């Protein structure tokens, strides 16, 4: 167990740090929400109290992301991994003949998982891949081998494990919707929702607690589900039931709503983007200062959210992590599949946390 | 909005009342769990802190339900409605030829939903149904028309909307596992897990917050999934990943763990059963005192958890509900599909709440 007596900075890739103000409000309201005598956890999802929480959360999210009126916001369960099946189950019916063909751009671990799962339901065309170069870049769009009339194109716009982030919205010829897994960078930068057909995101990075999955889907993409799609994961059915086809993860939606309100108060997504650029610059500069540390990602595709790095001398890894922990810099160990270190610096990571990490990086490197 | 200045009793069918001690502990630990400097919501699901929470929750649940060693406990997402698809997707492969045949006993709204969803994947045989009598009883087992060699038999052992509860464990000839949806009465009475192949339950009644689904599955039933089963809902894959194939709903698991520990402190499931029998007797006696109120369920199948009832004069419904609310007796309106009233009296409803409701029933009836 970690035992610390001073404030900590938690660099977990997710579930991840949440705004302190949000946690304070949640604690204060735990036993009695707004004089109702009930915890939000105890409320019927169909009662006026929870409906008001739900509607405000949806409204605030719509405002934060400037979601156009012809897009629906769904609150679902099953995480990003669940959507890896749920997306093809909902969109494969767009193809005149089954199995449908779907294009993927493979940029890291998460898009690779999406490819693997989609193969249960569709023909997968890997239109482009950076696997051969160790997932250190987004393949240039000019080299993508897209399928005319594909059911959709799938991209993961921020690879949490590999630290690779799209710096552009894909543009596709014809009527091929772009599906984007934005789990680990949604709300961290401005996006043009209209460039996408579907955006999905597990909540446990920039939104709120694990167990909530956000899906933003364009109206015309709600009617292409395969008959084998479970009813509870059918986007149209979920939409028509206002995300209450089954009991939604009410408490997670409540916390997400508090996060959305908090982001609005801070200045919205544009302000978060400004802060995230600043935090990322600070951290990458420390990693690039000499060759003591190394981040392998091409600079133009480096993630502002997930910063994997390696020590030149990997025999120092344990010492590095122990020293970090002693300073309250937590959960810096890299994903087991790639090793090394990783600092996730989501919206709720203050610049003070990044500065504390940079100070430690410099100290440990003997600078 | 409800605005009350005194303690309330919340009769919601789910999400439902939680033990006050659990909410108090959750509030106290919200910003700093056990000196870790982190909220449970912020913890990596793979870190030692959350792993300890998860393992203790599983251990306590195993003890509370006396789960035999050859059964696995899975913490999933998607609710009971999700399992309506996930169960056939995981068990239909038991049949030598597809589509498999599955037996159902139809005793109310929830088993009816399970039947509807299963038809996507299997041949449904409704072995028995009480639909013709308005779902007011469990059909006697002697009349069930079971299929020899069925992939499984599905029952809903407590119908939340109809207030019908099994008072026996089904017994089946040969190698046909019994799948039981125990969403709304799990942990409320002693059960013999070994009589079932699979038990599942949405958490939001007797376990914890909505968004967590409990699945207890016998070892030999982990290898019969159809190829179209989404990976994230494949029981074996979930089991092998210790319910962390994707990020589990960590905070909901934490709250469930607090509930389990609380139940153990109170004396476990046997003690809850004793209390629930007492609460149910008290409430049904008041409903049966004269014909001012009516519960239509055959006495031997009346649910101890969900008590639907009707006023003889239904024009008084609004007045009844308004008076109840003024006394802090909340969420007594019946499900929209059946009308009338419903009092859900789960584990966390104290007998004082039932007594307050009984007092009001008597007062309103002019007794």
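None of the figures in this text is laboratory data; all of them are computed from the coordinates on show. Keep in mind it's a predicted model, so treat the numbers as computed, not measured. No Cβ is skipped: glycine too gets one built from the backbone with ideal geometry, and neighbour counts run over all protein chains shown.
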Using a Gaussian network model on chain B with a 10 Å cutoff between Cα atoms, which of B:281, B:302, B:218 fluctuates the most? B:281
Using the number of other C-beta atoms within 10 angstrom as an exposure proxy, rank B:247, B:213 with the fewest first. B:247, B:213
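For peptide A:330-340, compute the average count of partner chain beta-carbon atoms within 10 Å of each residue's beta-carbon.
Mean number of neighbouring Cβ atoms from other chains: 2.
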Beta bridges per DSSP with both ends in the protein assembly as shown, % antiparallel, nearest 5: 55 percent
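Please order A:288, B:162, B:313 by the number of other Cβ within 10 Å, starting at the fewest. Walk me through the numbers before you get to the answer.
Details: A:288 13, B:162 29, B:313 10.
Least to most surrounded, the residues fall as B:313, A:288, B:162.
Taking the mean number of other Cβ atoms within 10 Å as a proxy for protection, how do you rank B:32-38, B:221-227 from highest to lowest? Walk me through the intermediate numbers first.
Numbers: B:32-38: 18.9, B:221-227: 17.3.
So the order, starting with the most tightly packed, is B:32-38, B:221-227.
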Counting DSSP beta bridges in chain B, what percent are antiparallel, to the nearest 5? 55 percent
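Using Cα pairs closer than 8 Å and at least 6 residues apart in sequence, work out the relative contact order for the range B:252-367, in percent. Numbers along the way, then the final one.
Numbers: 106 pairs, mean separation 31.3, N = 116.
Computed over the range B:252-367, the figure is 27 percent.
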Out of A:166, A:292, A:260, any idea which swings most in a Gaussian network model of chain A, alpha carbons joined below 10 Å? A:292
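Quick one: if you take sqrt(5λ) for each eigenvalue of the C-alpha gyration tensor of the range A:26-264, what semi-axes come out, biggest first, whole angstrom? Write out the running numbers ahead of the final one.
Values: eigenvalues 208, 77, 44 Å².
With the √(5λ) rule applied to the range A:26-264, the semi-axes are 32, 20, 15 Å.
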Any idea how far the Cα center of the range A:306-367 sits from the one of the range B:13-69, in Å? 28 Å
Relative exposure of B:29, A:117, A:159, judged by other C-beta atoms within 10 Å (fewest first): B:29, A:117, A:159
Tell me the label-point distance for the pair residue A:126, residue B:98, using the 7 Å Cα-to-Cβ offset, in nm and rounded to one decimal. 2.6 nm
When DSSP assigns beta bridges and you keep just the ones with both residues in the range A:76-173, what percent turn out antiparallel, to the nearest 5? 20 percent
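So if R0 is 30 Å, what FRET efficiency would residue A:294 and residue A:327 give, r being the distance between their Cβ atoms, rounded to the nearest 0.05? Spell out each step's value before the answer.
Details: r = 22 Å, r/R0 = 0.72.
Efficiency computed from Cβ-Cβ geometry: 0.85.
Suppose a student asked you for the relative contact order of the range A:26-264, using Cα pairs under 8 Å spaced at least 6 residues apart; what percent would you report? Each step should come with its number before you reach the end.
Values: 456 pairs, mean separation 63.2, N = 239.
Over the range A:26-264, the number comes to 26 percent.
Mind checking B:75-85 for the average number of partner chain beta-carbons within 10 Å of each residue's beta-carbon? Kindly include the intermediate steps, with their values, before the conclusion.
Numbers: counts 0, 2, 10, 8, 7, 3, 7, 9, 3, 4, 6.
The mean count of partner-chain Cβ atoms within 10 Å per residue comes to 5.
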Could you check which residue among A:339, A:202, A:257 shows the biggest mean-square fluctuation in a GNM of chain A with a 10 Å Cα cutoff? A:339
Within 10 Å of each Cβ in A:242-253, how many Cβ atoms from other chains are there, averaged over the peptide? 6
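For chain A, what is the calculated [θ] at 222 nm in deg cm²/dmol (nearest 500), taking -39500 (n - 2.57) for each run of four or more DSSP H residues and dividing by its residue count? Let's see the in-between values first.
Values: 9 runs with 118 residues, N = 367.
So the helix-based figure for chain A works out to -10000 deg cm²/dmol.
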